[in-house]
Amino acid sequence: MFKRRIPLFILAFVGTLLIVSVFIPPMENLGEDFTLFFDIIAVFAFFLGGGNLVRIHFGKLRRRKKDWGFSIVTLVAFFFMLTIGLLKVSSVGGVWNIPLLGIGDPAAIAASPTTEGSWFQETFNYVINPLQSTMYALLAFFVASASYRAFRAKNREATLLLLAAFIILLGRTPFGMELTRWVPESFSVLQIPNMAIWIMNSPNLAGQRAILIGIGLGVVSMSLRLILGIERSYLGEDRG
Amino acid sequence: MEAFFEHFRLWLAAFLTLGIFSFLYKDNPWYKLTEAIFVGISAGYWFVVLFWDNFHGKFWVGAGEYSINWVVAKLTGAQAPPPPDSSIDFMLWVGAFLGLLMLLRLVPKIGWISRWPLAFIVGSTGGLWLINYFASNVMVQAQATMVPLFSSAFGTGFDQNADAVIGALIIFLGTFSGLVYFFFSKAHTGVFGGTARVGVFFLMITFGASFGYTVMSRMSLLIGRIDYLLGDWLGMIK
Amino acid sequence: MTSKLFLALLLLPFSGLAQDDPAGVDMLDTAVVVVAPPTSVIAVDHKYDKGERIDLTWVPSIDDQLVEGKVLAYRIYRIVNDGGPQLVADVATGVGPYQYADEDLHRDSIYSYYVAAVSSNYEAASTRTAPMSPQREWMNLDRKWLFLIALIVGGSVLLFITAARRGTKLFVRKIAGLEAVDEAVGRATEMGRPILFVPGIRDMDDVQTLAALTILGRVSRVIADYDTRIFMPTSRSLVMTAGRETVKAAYQAAGRPDKYSDDMVTYYTDEQFGYVAAVDGVMVREKPATVFLLGAFFAESLILAETGNYIGAIQIGGTARPAQLPFFIAACDFTLIGEELFAASAYLSGEPMQLGSLKGQDVGKAIAMIAIIVGAVAITIGEAWDVEFMHDIVTWLSGVFSTR
């Protein structure tokens, strides 16, 4: 009874409340309040996620599974970051500050551990940041390989996709401008940069709109299924 | 010492950058090491940020600290803190309470209670976005498509208004046929199927446009990384 | 020194007079830039709020000109419950609109306002507005049409669900990407390789993640039936928790609760690219036969999809982010485009009630299509032949679909 009914009741109640709140001015801040609750729940949930990360790598280590050495690295990195971040460690000119342990200047990093100069922020700048940008930069290679694959797919849809992509790409470079400079002004729409603008503003816009309208309706229907409890597989209740 | 650290940081960043790039060749110990560092450091990073921003910044400052001080004062008979001002919002305890319920997963016998906060989250996400998406996606986009198919505002003479007229028609037909494609109630056959096919063409042009638009920016990211390796690290380009 | 202070204090009560009386200022013969005050200052209750806002409008001072205008700004003063005036804000001149919204007010206080035109060294105050309190409304009538149309669409969803429950047969066309799910799971089984399910990188407060989880429910049911391995790395702790509930339930429903393990659904890191680095690693090491990329994806969509391609997996991608869809189209075998992502779980369930909800969506599409046709045709005729009636239709339709 408690296991099944209460979650479904909470779901229906909270969902209906938030839908209605859009139309009732005294309830208009409800969405923000709930977002705040969500943020707080997410912190507690991290104990489950972070705990899982630690458990898995300790498990690998204990059982000396393949690549267990890298598990040590992950664990050390994780706890290192937790320590310097939660304790707000910093060092200026060779002097250590760990305000929460009463070492050094108590006001060293008063506000946030992400203050410039903290060990936490330094690690972000010199470890996370280059890693992020490099992963991001991998996209250049993947874009190339994806374009090649799309190029090989010989159907009408793929051709259209590539053609549009090609015109937009050229339209954003000086080369595209040079290529069709000879087209007379009265047919200026056929110049590649203008074609690119036209594609963005007309067929592209039309496609975007159809997709967006569909998404809006999809969300309405799925949310209703969830709130009504018709769709409840994620609650551990698959009736299928 | 500072100079050493300066060099260390440069080399560390370069080491990690090349570690990630080495994945393009194949999976290898260097990549695995980089990946392990990335996962560990970044998981820790986000927990710390979540902790200070959300738990401390929102809950503790907003309700937790005051409430606990008050309870402690009551229990020990000390002077109670002054009445809460407007910055204190006891409703935040709802979030903390639900968060605690979430942690009950760790207790196998009553782990099922953690479904309550889950139901709360799913209900609020569904409820919150239902009208939001409907308004911003369906209503706004439908309204925006109610445009004149030809109009004196487009200009006179073929060379001036041909692209505007065709553009307006294309937006209208494209949106319409795109919607036909998404229709679930009717099989894609006959005239309906033909229209849906036109819709697919429009979708493909849309995807192509996004694709082309993104390619350039991705290339500049790569150039940025190469610039770091050759410039900042190796000093080959100034 | 003391005598000077005394004199100043003595004159203080009169200092205001000089400001309020432009003639007096002239007599002093200083370079005071005199300006006329704004007129017709009106304060009205802001409609459809919870009673904490008053809107002010005024007609600008005649000295507020774009060229050689003497008015530099307007100062808004507020008087609460007959207290002294408080300066609330400075509003820039020149461009308009001449209005100000005073927010965070209380329903039980009485407010009155005046607006002063300010020159470089002079302030000309308007008359005060009549005292008033902000009002609270219980229904936002600005959104009545939104409410009505959402009710029609939501009502249609409910109606079709009820019809399906009563046994009415409902037709839903085939969706290629979803027809492939069974086959994709079967392939992994045959090859004895695992299935990778990536639910995007957003948390449970994103509807796309919810859509991914509902699909996971169906997919993991098939996986449990086939007794294939599933692996689901997540980048959010809450998604991990919900994912575990989902997969576990599927295994229970398939009568194989013993086969389920928490290790199927794991958390890596909240960091976007850290997560991608890890998932890429999992892909090349575990070599899944089938990869599902469903949910909210950003730049990483292509990294994941291309790595999946590289290891030769069958890939089913889906997202509601139009900017990432082209990458899935290019690199995945099947792509669920926008609405299809949200419809997928209903479709896969095959349950009449769930399929009914898809029919309800179509009613929404029909409404949008009719509105677009009527709107576009009316506005075209209206503009081309200047037909008053058509203009009225367009104005009305625009009002209906406006979402203030």
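The table below lists the values:
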| quantity | calculated |
| --- | --- |
| Candidate set: the range C:71-104, residues that are among the aromatic types (Phe, Trp, Tyr) and part of a strand (DSSP E or B); chosen: the one nearest to C:Thr129 (Cα to Cα) | C:Tyr77 |
| Matching entry among A:Leu100, A:Leu139 (being free of Cβ contacts under 8 Å to residues at least 60 places away in the same chain, loosely packed, with under 14 Cβ neighbours inside 10 Å and under 30 Å from B:Trp46 (Cβ atoms)) | A:Leu100 |
| Failed item, numbered, when C:Phe147 is tested on (1) within 14 Å of chain B (Cβ to nearest Cβ); (2) farther than 30 Å from C:Pro352 by Cβ; (3) free of Cβ contacts under 8 Å to residues at least 12 places away in the same chain | (2) |
| Selection within the range C:184-198 - more than 13 Å from C:Ala224 (Cβ to Cβ) and either out of contact with any strand residue (DSSP E or B) (no Cβ under 8 Å at 6 or more places or on another chain) or basic (Lys, Arg) (or both) | C:Gly186, C:Arg187, C:Glu190, C:Met191, C:Gly192, C:Arg193 |
| Members of the range C:300-349 found to be without any contact (Cβ under 8 Å) to a residue 60 or more places away in the chain and not in a helix (DSSP H, G or I), listed by number | C:Ile311, C:Gly312, C:Gln315, C:Gly317, C:Pro322, C:Ala323, C:Gln324, C:Cys332, C:Ile337, C:Gly338 |
| Per-region count, the range A:16-66, residues within 24 Å of A:Leu228 (Cβ to Cβ) and aliphatic (A, V, I, L, M) | 9 |
| Residue count for the range C:385-404, restricted to those that are facing another protein chain (nearest Cβ under 7 Å) and assigned to a loop (DSSP other than H, G, I, E, B) | 2 |
| Residue satisfying all of: in the range A:63-86; more than 7 Å from chain B (Cβ to nearest Cβ) and crowded, with 19+ Cβ neighbours inside 10 Å; farthest from A:Leu100 (Cα to Cα) among these | A:Ser71 |
| Unmet criterion (only one of (1) surrounded by 24 or more Cβ atoms within 10 Å (Cβ to Cβ); (2) more than 25 Å from the chain's Cα centre (by Cα)) for A:Trp182 | (1) |
| Count - residues of the range A:1-29 that are within 7 Å of another protein chain (Cβ to nearest Cβ), outside any loop (DSSP other than H, G, I, E, B) and in contact with a strand residue (DSSP E or B) (Cβ under 9 Å, 6 or more places away or on another chain) | 2 |
| Positions within the range B:163-186 being closer than 19 Å to C:Val377 by Cα and of a type in the set (Ser, Thr, Tyr), in sequence order | B:Thr175, B:Ser177 |
| Residue list for the range B:1-40, restricted to those being in contact with a Leu (Cβ under 8 Å, 6 or more places away or on another chain) and under 29 Å from A:Phe47 (Cα atoms) | B:Leu16, B:Ile20, B:Thr34, B:Ile37, B:Phe38, B:Val39, B:Gly40 |
| Meets criteria (of a type in the set (Gly, Ala, Ser) and surrounded by 19 or more Cβ atoms within 10 Å (Cβ to Cβ)) for B:Gly174 | yes |
| Test: residue in the range A:100-111 that is at pLDDT below 85 and assigned to a helix (DSSP H, G or I) | yes |
| The range A:206-223, residues that are of a type in the set (A, V, I, L, M, F, W, C) and either within 7 Å of chain B (Cβ to nearest Cβ) or touching a strand residue (DSSP E or B) at 6+ places or on another chain (Cβ under 9 Å) (or both) | A:Ala206, A:Ala210, A:Ile211, A:Leu212, A:Ile213, A:Ile215, A:Leu217, A:Val219, A:Val220 |
| Residue pairs meeting the criteria (Cβ under 8 Å; at least 6 apart or on separate chains; first free of Cβ contacts under 8 Å to residues at least 24 places away in the same chain, in the range C:234-251; second outside any helix (DSSP H, G or I)) | C:Arg244/C:Val265; C:Glu245/A:Gly236; C:Lys248/A:Gly236; C:Lys248/C:Tyr260 |
| Residue check, C:Leu210 of a type outside the set (Asp, Glu), in a helix (DSSP H, G or I), more than 24 Å from the chain's Cα centre (by Cα) and within 11 Å of another protein chain (Cβ to nearest Cβ) | no |
| Entirely in the range B:12-115, the helices (runs of 4 or more DSSP H) that have 3 or more residues that are of a type outside the set (D, E, K, R) and either touching a residue at least 24 places away in the same chain (Cβ under 8 Å) or facing chain A (nearest Cβ under 8 Å) (or both) | B:29-50, B:92-103 |
| Unmet requirement for C:Asp102, which otherwise passes all of (1) in the same structural domain as C:Ala43 (by TED's automatic domain parsing); (2) over 18 Å from C:Ala43 (Cβ atoms) | (2) |
| Sole exception among (1) modelled with pLDDT of 90 or more; (2) in contact with an Asp or Glu (Cβ under 6 Å, 6 or more places away or on another chain); (3) in the same structural domain as C:Val32 (by TED's automatic domain parsing) for C:Asn81, by number | (2) |
| Scan of the range A:21-40 for residues that are of a type in the set (A, V, I, L, M) and over 21 Å from B:Gly95 (Cβ atoms), ordered by number | A:Val22, A:Ile24 |
| Boolean, C:Ala163 is under 33 Å from the mean Cα position of the chain (by Cα) and more than 24 Å from B:Val122 (Cβ to Cβ) | yes |
| Some residue of the range C:385-402 being under 21 Å from the mean Cα position of the chain (by Cα) and without any contact (Cβ under 8 Å) to a residue 60 or more places away in the chain | yes |
| Total residues in the range B:188-221, condition of a type outside the set (Phe, Trp, Tyr), at pLDDT 85 or above and either surrounded by fewer than 21 Cβ atoms within 10 Å (Cβ to Cβ) or more than 19 Å from C:Ile337 (Cβ to Cβ) (or both) | 10 |
| Residues located in the range C:345-384, provided they are under 30 Å from the mean Cα position of the chain (by Cα), more than 10 Å from chain B (Cβ to nearest Cβ) and surrounded by fewer than 17 Cβ atoms within 10 Å (Cβ to Cβ) | none |
| Qualifying residue in the range A:156-163 (condition: part of a helix (DSSP H, G or I), modelled with pLDDT under 80, more than 8 Å from chain B (Cβ to nearest Cβ) and surrounded by fewer than 19 Cβ atoms within 10 Å (Cβ to Cβ)) | no |
| C:Thr209 vs. criteria at pLDDT 95 or above and either among the aliphatic types (A, V, I, L, M) or within 26 Å of A:Ile230 (Cα to Cα) (or both) | yes |
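The values are calculated or read from the model by the stated rules, or taken from the named source; none is laboratory data. What you see is a predicted model, and the numbers here were worked out from it, not measured in a lab. Every residue, glycine as well, gets a Cβ built from its backbone with ideal geometry; the counts of neighbours run over all protein chains shown.
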